Amino acid sequence: MVDKDDELAEDREEEALEKANEERELEETRDRRELLDATAETTEAIRLAEANEAAGARHRELANAERRQARSDHAHGNHLLDEAAARPDEPGADATAAAGRRYQRAGDREDREAAYDDRVADRYAGQQAPASDAARRPAQPPEARKFVQPRKTKKREKDTGLDLDL
């Protein structure tokens, strides 16, 4: 009788140990998965931050190029208008003045485009922290969403077009 009780106690201890080992393994697996998910989230955040920085830099470069072009167009337009004003009686002075005004309008348009590209670059800069900040943030495991229900699919009856009531 004592042997059976000892055997049962040993079996229970072994079962408890096995169960504890299984639970520990499950917990380790969960921890590894959560760490991998958090690492993937951090990597994605870094990638998005770098993409935002690159897009912002590209728009800043576009704005700078448009500003240079606007300055050039304004200067050329001013030169042509000055030339037309200096010699108003020469043939083609009206055409020169018209060309100067066209260059002035082109410079204004380039200024507006530069302002637009600056606003877009500001939006990219404000969307997300720099990539260095994303890398410094500790990886947080994703939170489980509460009250999420699986989608319910509607089953449709197929209409074969056959009338079976004969």
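Read the figures in this text as sums done on the coordinates, not as results from a lab. This one's a predicted model, so the numbers in the text were calculated from it and none came from an experiment. No Cβ is skipped: glycine too gets one built from the backbone with ideal geometry, and neighbour counts run over all protein chains shown.
Listed peptides 104-117, 30-43 appear in the order 104-117, 30-43 once ranked by packing, highest mean of other Cβ atoms within 10 Å at the front.
Note on LYS4 and GLU53: their simple-model spin labels are 7.4 nm apart, each label 7 Å out from Cα toward Cβ. Averaged over residues, the count of other Cβ atoms within 10 Å places the peptides 81-90, 16-25 in the sequence 81-90, 16-25, highest first.
In order along region 20-29, the phi-based Karplus estimate (6.51 cos²θ - 1.76 cosθ + 1.60, θ = phi - 60°) of 3J(HN,Hα) comes to 5, 5, 5, 5, 5, 5, 4, 5, 5, 5 Hz; Gly and Pro are listed as x.
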